[in-house]
1. Looking at LEU154, LEU116, LEU139, can you tell me which residue is under 27 Å from ARG219 (Cα atoms), among the hydrophobic types (A, V, I, L, M, F, W, C) and either over 18 Å from the mean Cα position of the chain (by Cα) or crowded, with 18+ Cβ neighbours inside 10 Å (or both)?
2. Got at least one residue in the stretch 193-204 being modelled with pLDDT of 95 or more, under 17 Å from the mean Cα position of the chain (by Cα) and more than 26 Å from SER155 (Cα to Cα)?
3. Hey, could you check the stretch 214-239 for residues that are among the aliphatic types (A, V, I, L, M) and surrounded by 14 or more Cβ atoms within 10 Å (Cβ to Cβ) and say which is nearest to LEU204 (Cα to Cα)?
4. Could you name every one of the strands (runs of 3 or more DSSP E) located completely within the stretch 113-207 that has at least 2 residues being free of Cβ contacts under 8 Å to residues at least 40 places away in the same chain and touching a strand residue (DSSP E or B) at 6+ places or on another chain (Cβ under 7 Å)?
5. Of all residues in the stretch 26-49, how many are buried (at least 18 other Cβ atoms within 10 Å of the Cβ) and under 24 Å from ASP74 (Cα atoms)?
6. Could you count how many residues in the stretch 86-105 are buried (at least 20 other Cβ atoms within 10 Å of the Cβ) and of a type in the set (D, E, K, R)?
7. Have a look at SER62, SER91 and point out the one that is small (Gly, Ala, Ser), out of contact with any Lys or Arg (no Cβ under 9 Å at 6 or more places or on another chain) and under 23 Å from GLN15 (Cα atoms).
Amino acid sequence: MPAYNAEEFIGEAIQSVLNQTYHNWELIIVNDGSIDKTKHEISKFTDKRIKYFEQVNNGVSSARNTAIRNMGGDFFCFLDADDIYSENSLSSRVKVFLQEEHVIIVDGRVEVRDILTNMLIKVYQPDFRGNALSELIRLNEKCFFGPSCMIKRLSNKTYMFKEGLTHGEDLLFYISIANEGFYSYTNDLVMIYRSGNKSAMSNLRGLEKGYFEIYDELRKMPAISSTDLKIYKNKITSIMFKSYLKNSQIVSAFRILFRSQLI
C-alpha cells in the first residue's frame, strides 16, 4: 500500500485488509513522504502483520518497489490508500491460484464508486483466461483494470515498477510479467475503487507522456513484435485523440496524430 497524503481514507483501506477472511497476509505500507497526518492514521493500527516504511516522496512506483523488496509472501497484490478490499478479496484470488496451476495473475470484479457520494459508477468484470500479453497491449478491458490483480511470486523473477512513470505504471508492470504464465480471474468482488481522488488520470498530458514512454519500453522487449507495437501505438493514439477532443483540446488532438506518424 503506497500512501501519500492519504489521511482521509487510509484508515478504511487498512481496516479492509484487517477484515479479510483469509488471515495469512502481511500488509506493507510505504509512506511516500506524506506531509499530512497519514503517519498518525497508520499508527492507530497495531496488528503485527502490518509493516510500515517511510521514504522521501518519490512516486507510487518507487513506493511499490520498496514494498516488493521487503515482502515475504508467495503471492502479492496492491491496494491504494483510498480504495477498499472486499472481505473475500484475498481468499477468492488465492483460491484460483490453488485450482489453476499455470496461472500467475488473478484478477476479480471491481466496483468503481464516487469517492464523495459512494455512488456506483461502473463495474469492471474480467472475461479472459490465458496468456494476456496481446490483450494487455491492446488495453483490453477483459483483462486489464489495473490495481485489482494478484501475482504469483516466481523464484527466478525480479519484480520492479519503472520509477518516474506517472501514468500507466500498472500496465507496463503486467506486460513485463505476462509471458511468465496465464491470467485468470474470480467472479467475486475483490475491490471497491474510489474514483475522483486519482488526480493523475485527469492530467491528459501526463497520460500521453506515460503511454508513449511505455511504447519506448515495449520496443526494448524481445517478446513484443512489430505488429504488437503497431497495435499498441494505434490504440494509444485513438485514446489520446478522443480524450483531447472530449476536453475541447483540438490542437492537442491533432498533434497526437502527427506525433504518432513520427514514431
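1. Working: LEU116 fails: under 27 Å from ARG219 (Cα atoms); LEU139 fails: either over 18 Å from the mean Cα position of the chain (by Cα) or crowded, with 18+ Cβ neighbours inside 10 Å (or both).
One residue alone meets the criteria, LEU154.
2. Filtering the stretch 193-204 for residues modelled with pLDDT of 95 or more gives 193.
Next, from what is left, pick out any that are under 17 Å from the mean Cα position of the chain (by Cα): 193.
So of that shortlist, the ones also more than 26 Å from SER155 (Cα to Cα) come out as 193.
Yes, some residue in the stretch 193-204 is modelled with pLDDT of 95 or more, under 17 Å from the mean Cα position of the chain (by Cα) and more than 26 Å from SER155 (Cα to Cα).
3. Just the residues of the stretch 214-239 that are among the aliphatic types (A, V, I, L, M), to begin with: 214, 218, 221, 223-224, 229, 231, 236, 239.
From what is left, the residues that are surrounded by 14 or more Cβ atoms within 10 Å (Cβ to Cβ) are 214, 218, 221, 224, 229, 231, 236, 239.
On the way: ILE214: 15, LEU218: 21, MET221: 26, ILE224: 26, LEU229: 22, ILE231: 21, ILE236: 12, ILE239: 10 Å.
Within the stretch 214-239, the match that is nearest to LEU204 (Cα to Cα) is ILE239.
4. Values: elements: 120-124, 150-152, 182-195.
Strands (runs of 3 or more DSSP E) meeting the threshold: 120-124.
5. Total satisfying the criteria: 5.
6. 1
7. Values: SER62 fails: under 23 Å from GLN15 (Cα atoms).
Result: SER91 is the single residue among SER62, SER91 that is small (Gly, Ala, Ser), out of contact with any Lys or Arg (no Cβ under 9 Å at 6 or more places or on another chain) and under 23 Å from GLN15 (Cα atoms).
The values are calculated or read from the model by the stated rules, or taken from the named source; none is laboratory data. Source: prediction; values computed, not measured. Glycine also receives a Cβ, built like all others from the backbone with ideal geometry; neighbour counts cover every protein chain displayed.
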